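What follows is one structure encoded as structure tokens, with my remarks underneath.
The values are calculated or read from the model by the stated rules, or taken from the named source; none is laboratory data. Predicted model only: the values in this text are computed from it and were never measured. FYI the Cβ positions are ideal-geometry reconstructions off the backbone, even for glycines, and counts take in every protein chain you see. Only protein heavy atoms, including side chains, enter the accessible area calculation; ligands, DNA and RNA are left aside. Shrake-Rupley method; radii C 1.70, N 1.55, O 1.52, S 1.80 Å.
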Amino acid sequence: MTAGAPPPWAEAKQHEQHFSLITGANSGVGLAIGQRLVDDFLNTRSPSSHLVVVVTTRSVAKSRATLLALRKHLEATVSSPKISTRLSGCLDAPYRPVSALRRVHLLSIQLDLCDLENIYGLADTLVNGVISNPPEIPATKYSYPPYSAVRLSRIDSVILNAGIGGWTSLDWFGMVRMLCRSGLTETTTFPDYKISAVGKTTRGLKTRPTGADPASGKTVLGEVFMANVFGHYVFAHEILPLLTRMDGSDDVTPRHARIIWQSSIEAMGYHLDPSDLQGLKAREPYESTKRLTDVLALTSNLPSVQRRCQSYFAPPPRADGSRVRPVKMYVAHPGIVVTTIFPLHWFLMFWYRFIMYVVRWVGSPWHTVVGYAAAVASVWLALESDSILDETRADRSKWGSACDRMGIDCCKRTEVMGWGWEGKVQDSTNETDREKRRILRRDLGRWSGSKDVTKEKLQEFKVLGADCWSEMESLRLEWDARVKGA
Ligand SMILES: NC(=O)c1ccc[n+]([C@@H]2O[C@H](COP(=O)([O-])OP(=O)(O)OC[C@H]3O[C@@H](n4cnc5c(N)ncnc54)[C@H](OP(=O)(O)O)[C@@H]3O)[C@@H](O)[C@H]2O)c1
């Protein structure tokens, strides 16, 4: 692409362009989200539509490897009989794989969620500058444009997937105790025997000392909190100018850009302490961050919480005074997937994977096991039409990737403690006809400690949401001043 030339996707109409950004896309679920996004886009959209996928990794080498992996996947997809049959039916001329391949544009940038300077800097580049792919990517079967100096005009969906577990080992005795008490499915779905490094921190800023902290002399943030929640929280806020749309710009779909958080089913039994949002005192910092993710996303659209999160979603001021549409937040989780998030010796990894398949075979809906199945919920939230998401009140539920015994995947509403499946009292009886299907049944895969939500519990959840938004906003504003004022 020569400087100043229109990007290749400009040949498509605005509503036929889709821009997605995925964090932590070099491995596990993130890589699979990239692959599935490409497949589902090509399988559902018109032959003139274009997809732009921006994936983030932590280094140029990882970006190169990720782009190569995604290109390889894309090349296999465009040559597959499924795509060829579908697109042949929509085209006047014979189908050529290269024509589908030219409609998908893959870019990669580097983002470290534990480094606020990097987050602010990258967000500024995305909003005001241009981005380029790493040079010298080895050629594959097809030649790709270099994608250098690309200016993004908007982003339609941001999938906040990157994350760390922060675990150090397993309490094997605790695992056996849980196995005897609760059975294999519960033991592998809601484990309470992972051991975490409690109170592990990061300085937040890599290059400069920042303010004083009584204990260490440096201002610190919880590492797991930073990687899983706060880094994303700041990043999504900083790229808001790319996410918001002008009122009246009806040729852009989706109508509201989507921020999609990647949570975990493991957050189910966790009691979040609003006075320790960073989870620095928590025995389970990972579960704490995922519970916080659920609470923030599910309450972001509630009238009673709006006042507390107004400053976060406040659209950037426009010189002409015209109104802009706010973005919408959603929350997904990948089920239980075999990835390197929990580092295991290869021998244990083999048996871990084997047991995950066994648990799926005996009927657990949450054991997606492989990344591609685990990606279904986030990709659905990214690509589904506005009308379906509005009709299903998708912003009121946590959407899990689920699988039947044969590995056929689907999205399933997931219970959230104190909120239920969709923020309604007694909603275990509110199943739709579709949800009465075996795999989607609400009682299937339910945590044994779950209780039906009551009016009081719902009220408590809303208050928790308001408190969390207040705390997060004051922390963001504090660090905003620190980084921008440094
Ligand atoms: N696996 C599961 O069963 C499971 C279950 C529930 C939820 N999840 C969630 O799914 C998401 C993906 O996890 P995964 O299982 O696919 O694990 P993974 O393979 O370890 O992938 C994690 C990704 O996050 C990136 N990352 C970690 N720390 C980062 C940081 N500070 N800045 C930027 N990127 C960072 C990693 O990059 P590097 O390669 O550079 O480290 C990697 O790309 C996580 O949010 C996780 O909590 C997973």
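Placing one equal scatterer on every Cα of segment 364-403 and applying the Debye formula, the log10 ratio I(q)/I(0) at q = 0.17 Å⁻¹ is -0.48. Rounded to the nearest 20 debye, the dipole magnitude of segment 30-78 is 240 debye, with +1 charges on Lys and Arg beta carbons, -1 on Asp and Glu beta carbons, and the Cα centre as origin.
Using alpha carbons only, the radius of gyration of segment 246-311 set against its Kirkwood radius gives Rg/Rh = 1.11. Contact order for segment 12-141, expressed relative to its length and based on alpha carbon pairs under 8 Å spaced 6+ residues apart, stands at 28 percent. Across the alpha-carbon atoms of segment 278-370, the computed radius of gyration and Dmax are 20.1, 62 angstrom.
Test of understanding: what is the full-extension gain from LEU444 to ASP480, defined as 0.36 nm times their sequence separation minus their Cα-Cα distance? Don't skip to the answer; put the middle values down first.
Working: separation 36, 0.36 × 36 = 12.96 nm, distance 4.36 nm.
Separation in residues times 0.36 nm, less the Cα-Cα distance, equals 8.6 nm.
Its convex hull of Cα atoms gives segment 397-460 a direction-averaged projected area, equal to a quarter of the hull surface, of 4.3 nm². For HIS50, the residues whose modelled amide H falls within less than 5 Å of its own, excluding neighbours fewer than 5 places apart on the same chain, are GLN17, HIS18. For segment 167-485, the relative contact order works out to 17 percent when only alpha carbon pairs closer than 8 Å and six or more residues apart are counted. When each of the peptides 51-60, 239-248 is scored by how many other beta carbons lie within 10 Å of its residues on average, the order from highest to lowest is 51-60, 239-248. Beta bridges assigned by DSSP with both partners in the chain are antiparallel in approximately 35 percent of cases. Modelled spin-label separation between SER80 and SER46, with each label point placed 7 Å from Cα along the Cα-to-Cβ direction: 2.4 nm. Between the amide H of SER196 and those of THR168, distances stay under 5 Å, these residues lying 5 or more places away or on another chain, with hydrogens modeled in the peptide plane.
Please tell me which of these pairs span more than 28 angstrom C-alpha to C-alpha: LYS13/LYS484; LYS13/LYS328; LYS281/LYS457; LYS412/LYS462; LYS290/LYS412? Don't skip to the end; give the middle numbers.
Working: LYS13/LYS484 37 Å; LYS13/LYS328 23 Å; LYS281/LYS457 25 Å; LYS412/LYS462 23 Å; LYS290/LYS412 18 Å.
Long pairs (Cα-Cα over 28 Å): LYS13/LYS484.
Restricting to DSSP H runs of at least four residues, report the calculated mean residue ellipticity at 222 nm for the chain, -39500 (n - 2.57) per run over all residues, nearest 500 deg cm²/dmol. Each step should come with its number before you reach the end.
Values: 15 runs with 185 residues, N = 486.
When only DSSP H runs of four or more count, the value is -12000 deg cm²/dmol.
Please work out whether the chain counts as rounded, prolate or oblate from its C-alpha gyration tensor, where a ≥ b ≥ c are the square roots of the eigenvalues and a/c under 1.5 means rounded, while otherwise a/b larger than b/c means prolate and anything else oblate?
Details: a/c = 1.40, a/b = 1.17, b/c = 1.20.
Here the chain falls in the rounded category.
Segment 16-63 and segment 286-348 have Cα centres spaced 19 Å apart. With a cut-off of 14 Å on the backbone N, no residue of segment 382-405 is near the modelled label site 7 Å out from LEU170 along Cα-Cβ. Computed from the Cα positions only, the extents of segment 70-139 along the three principal axes stand at 50, 25, 21 Å, in decreasing order. For the chain, a simple Cβ point-charge model (Lys and Arg +1, Asp and Glu -1, everything else neutral) yields a dipole of about 700 debye relative to the Cα centre.
Pairs of Cα atoms nearer than 8 Å and 6+ residues apart set the relative contact order; for segment 414-486 it is 33 percent.
Ranked by solvent-accessible area (1.4 Å probe, protein heavy atoms only, all chains present), the residues SER304, SER20 order from largest to smallest as SER304, SER20. As a ratio to 2.2 N^0.38 Å, the alpha-carbon radius of gyration computed for segment 8-153 takes the value 1.06. Farthest towards the positive end of the charge dipole of the chain, among the residues HIS232, TRP447, PHE313, is the Cα of TRP447, using unit charges on the Cβ of Lys, Arg, Asp and Glu.
Of ASP251, ASP386, which has the most accessible area with a 1.4 Å probe, and how do the rest follow in descending order? Write out the running numbers ahead of the final one.
Values: ASP251 75, ASP386 20 Å².
If we order ASP251, ASP386 from most to least accessible, we get ASP251, ASP386.
What order do GLU422, GLU478 take when sorted by accessible area (1.4 Å probe), most exposed first? Before the final figure, lay out each step's value.
Numbers: GLU422 30, GLU478 85 Å².
Largest to smallest exposure gives the sequence GLU478, GLU422.
What length, rounded to one decimal in nm, is gained on full extension from SER59 through to HIS15, with 0.36 nm per residue of separation minus their alpha-carbon distance? Write down the numbers at each step before the final one.
Values: separation 44, 0.36 × 44 = 15.84 nm, distance 3.26 nm.
Net length gain for the segment: 12.6 nm.
Go through 63-72, 166-175 and give me the packing order, highest mean Cβ count within 10 Å leading. Please report the intermediate quantities before stating the final value.
On the way: 63-72: 19.3, 166-175: 14.3.
Highest mean packing first, the order is 63-72, 166-175.
Proximity of backbone amide H atoms, modeled 1.01 Å from N, is registered between ARG325 and ARG245, MET246, ASP247 at under 5 Å, excluding neighbours fewer than 5 places apart on the same chain.
About the centre of its Cα atoms, segment 8-153 shows a dipole size close to 520 debye [charges on the beta carbon of Lys, Arg (+1) and Asp, Glu (-1) only; nearest 20 debye].
Percent of Cα-Cα pairs more than 19 Å apart in segment 349-486, please. Tail of the P(r) past 19 Å holds 62 percent of the pairs.
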